Structures are given as C-alpha cells and as structure tokens.
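First up is the structure itself, then whatever we jot down about it.
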Amino acid sequence: MKKVCIIYTGGTIGMTKTDKGYAPKEGYFKGALEEIDDLKREEIPDFELVEMHPLLDSSNMTLHEWNKISEEIEKRYDDFDGFVILHGTDTMAYTASALSFSLENLSKPVVLTGSQIPLCEIRSDGRDNLITSLMIAAGGIVNEVCLYFGGKLMRGNRATKYSADGLIAFKSPNFPLLAEAGIEIKYSQSLRESFCKGKFKACRFRPVPIGVIKVFPGIQFELFESIMTEKLKGIVIETFGAGNIPASENELLPIIEKAFKSGTVITVCSQCPEGSVALGTYETSSALKGAGAVSGHDITTEAAVCKLYYLFSKGYDASTVKNMMEENIRGEMSI
Ligand code: ASP
C-alpha cells in the first residue's frame, strides 16, 4: 500500500467562517477529513496528516514557512511515496516555485493543492483537489514539485494564479500540463523529466534583499534609485512585452548600470503571462542588456523571485547567480 504524507499549512481549503471572514482553525482539519467517506476507499493511498503551526492564510507565508515545509518533507522523505501540501491559493505558485528549487534531487511527487471554496461548504472544490492530488502523489509518475488544481496538473514553477474566484484558478501559460484529470488522470508521457542527480537534500532559504519593479507608462524611475543600492542583491523587472522599458524617459538605464556595477543581479521578465523575453529584439530592450540585465526568458515572476532567493541562499556570488538566472535549472524556463 502506497503512503502519502499530507502537510496542511492553512488556506481556504480548511478554513471556517469567523466574524472577520474565513480563517484557518487549529485542530479542525483532521475531523473534516474523517468526514469524507471517499478517503476511506481502497483507491486512496494510506495517508498521514501533519498540521503546521500556526495555520496560515497563504498571504502570510514567508521564507520561514518554506523552510518548515521543506524540513517536514526532509524528515519523512524515506517513509512516504509522495507528499501533498495543502496551501492557500494566493501564494501557492510562489511556494511551489520555492520548493522546486530548494528540494534538491527530488525523486518523489510533491503536489501542492488547495481550494477556492472551503471543505466545510457544500460546493467545495477542495474534495476533488485533495483526492486527485493524493492519487497523483501516490502514483509516482511525476516526480517533481507540481501544482494540481481544477483538473490540471502543472509544473510547480510554471504555474501562476490566474483567477481570484474561478475554480480553475491556475494556469501554466508557458509550459504544457503535466496531466489532466478527466474521467481518467491522463499524464503527458513526453514531459516526464527527472531533476534527481544524487541524494535528496532540502536546502534552506535565507532572507535575501531582493525586489520587483513593474514598469508602467509615466514611471518615475528616480523614485527607485534609493532602493537600488549595493544592499539589494537581486531585482526582477517586469517589463512590457518581450523585454521593453520606456526609452524616451531613459532614467532607468543609468540606475540599472549603477546597480549592476554594485553587484545587483537584474533579471528581466515580461508582464505578458504568455511568451518570452527576447532582449535586443527592440531598441527599447537592447539597452537593458547593455546595462548588465539578464533575460528571464519565459520564467514567471514567482519563479524568478524564488530562484533569486534560492541561488543567494546557496551562497553563490553575484556573477554565478547572474549566469544561473539565465540557465534552466528545474524546468522553470524554456531556452
Ligand atoms: N487567502 C487564501 C489563501 O491564500 C485564499 C485561498 O486559499 O484560496 O490562503
């Protein structure tokens, strides 16, 4: 019999109504699971529940919680066939990206899921999300960090929250689905990839000063000069289209050049969810390249942020981080 460990971190799936709105409640979830008769069926693997403390609305997730999740997985890695992480949807794509980097040499499924409607409500999507995730985690077919939601299994570091209220809340705009759950769970054979090259290890995140700037018409770049100091280790710039920034108000470039010279790693992402950055296609993006910025290709902002945290937490110097930001290390970008 396969064994799956469920790590419950909080999020809507286990929330109950309070007078201030939905909130997680300590000790409630075990009983909620016991009420789901389908979890007792023979198709469902044996599972064990680990409840994190405190339970969080995922808006409150930090690097500390990412490390706690990794530690829980590391402690039980040899005892289980797979892991399901129950998590709020708001930052699920960040945690999925973070774990895809920090769980080194992973050779078992780690499936993040949650719901838009709590399990305590009649129309909850949590029941199917949980049951299918348990089956995927026990299946041992997709041995990487992935995110299952609304019938779709995505590579974790390719997923992004797309809908605030739809039951198909996530998309993977630049990478095909790893599986689709219709009448059957249909895995895409050709996408199976292994990121395991040695012994499993969970790397810990350290707080690293990084930032994200989203450009917009009329942006006053000089406002950002004060944060672009040598203290800032990395920055993700969300540009227009294929990597373009407003060039007529050219103040960003000297600021970027200065930041680059003082050791900040500058990664260029696109505000378009679909497609890739191609620095140099337009005059407005060539200058970014010249100023020392690197292309994040089709990486999501979520994955770019987590990758910066990961690489700096490993202790790499700025030039190594810069090179690795342009390399595909866990399937997070297509080059
Ligand atoms: N605010 C909730 C959270 O992210 C939303 C959800 O779970 O869907 O924890």
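For the stretch 16-31, a residue qualifies if it is near the ligand (Cβ under 10 Å from one of its atoms), touching a strand residue (DSSP E or B) at 6+ places or on another chain (Cβ under 7 Å) and without any contact (Cβ under 8 Å) to a residue 40 or more places away in the chain, and the qualifying residues are Ala23, Pro24. Considering the stretch 137-183, the residues that are among the aromatic types (Phe, Trp, Tyr) and in contact with a Ser or Thr (Cβ under 9 Å, 6 or more places away or on another chain) include one that is farthest from the ligand (Cβ to nearest atom), namely Phe175. For Gly150, are the conditions met, namely being modelled with pLDDT of 95 or more and on the phi > 0 side of the Ramachandran plot? Yes; evaluated as a whole, the condition is true for this residue. Entry remark, the stretch 318-335: residues being out of contact with any helix residue (DSSP H, G or I) (no Cβ under 9 Å at 6 or more places or on another chain) and in a loop (DSSP other than H, G, I, E, B) number 5 in total. When the stretch 160-178 is examined, which residues are found to be crowded, with 19+ Cβ neighbours inside 10 Å and among the aromatic types (Phe, Trp, Tyr)? Listed by number, the list holds a single entry, Phe170. Of the strands (runs of 3 or more DSSP E) lying entirely inside the stretch 32-118, those carrying at least 1 residues that are aliphatic (A, V, I, L, M), within 16 Å of the ligand (Cβ to nearest atom) and surrounded by fewer than 24 Cβ atoms within 10 Å (Cβ to Cβ) are 46-56. Kindly evaluate Gly10 against the criterion of being in contact with a helix residue (DSSP H, G or I) (Cβ under 7 Å, 6 or more places away or on another chain) and within 24 Å of Thr91 (Cβ to Cβ). Judged against the criteria, Gly10 is a match. The set of residues from the stretch 1-15 being within 13 Å of the ligand (Cβ to nearest atom) and part of a strand (DSSP E or B) comprises Tyr8, Thr9, Gly10, Met15.
In summary, Val277 fulfils each of the numbered conditions (1) in contact (Cβ under 8 Å) with a residue 24 or more places away in the chain; (2) at positive phi with the single exception of condition (2). Among residues of the stretch 277-335 being modelled with pLDDT under 90 and in contact with a Ser or Thr (Cβ under 6 Å, 6 or more places away or on another chain), the one that is farthest from Glu238 (Cα to Cα) is Gly280.
Return yes when Ala293 is over 22 Å from Gln220 (Cβ atoms) and in contact with a helix residue (DSSP H, G or I) (Cβ under 7 Å, 6 or more places away or on another chain) and no when it is not. Spelling it out, it is not the case that Ala293 is over 22 Å from Gln220 (Cβ atoms) and in contact with a helix residue (DSSP H, G or I) (Cβ under 7 Å, 6 or more places away or on another chain).
Would you be able to tell me the number of residues in the stretch 143-188 that are within 18 Å of Ser334 (Cβ to Cβ), not in a strand (DSSP E or B) and not basic (Lys, Arg)? Looking only at that region, the number is 12.
Matching residues to (1) of a type in the set (Asp, Glu); (2) within 15 Å of Ala138 (Cα to Cα):
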residue: Leu39; (1), (2): no, yes
residue: Glu42; (1), (2): yes, yes
residue: Asp46; (1), (2): yes, yes
residue: Thr62; (1), (2): no, no
residue: Trp66; (1), (2): no, no
residue: Glu72; (1), (2): yes, no
residue: Phe80; (1), (2): no, yes
residue: Val84; (1), (2): no, yes
residue: His87; (1), (2): no, no
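The values are calculated or read from the model by the stated rules, or taken from the named source; none is laboratory data. For clarity, every value in this text was computed on a predicted model and none was experimentally measured. Note that we place each Cβ from the backbone using ideal geometry, even for glycine, and neighbour counts take in every protein chain shown.
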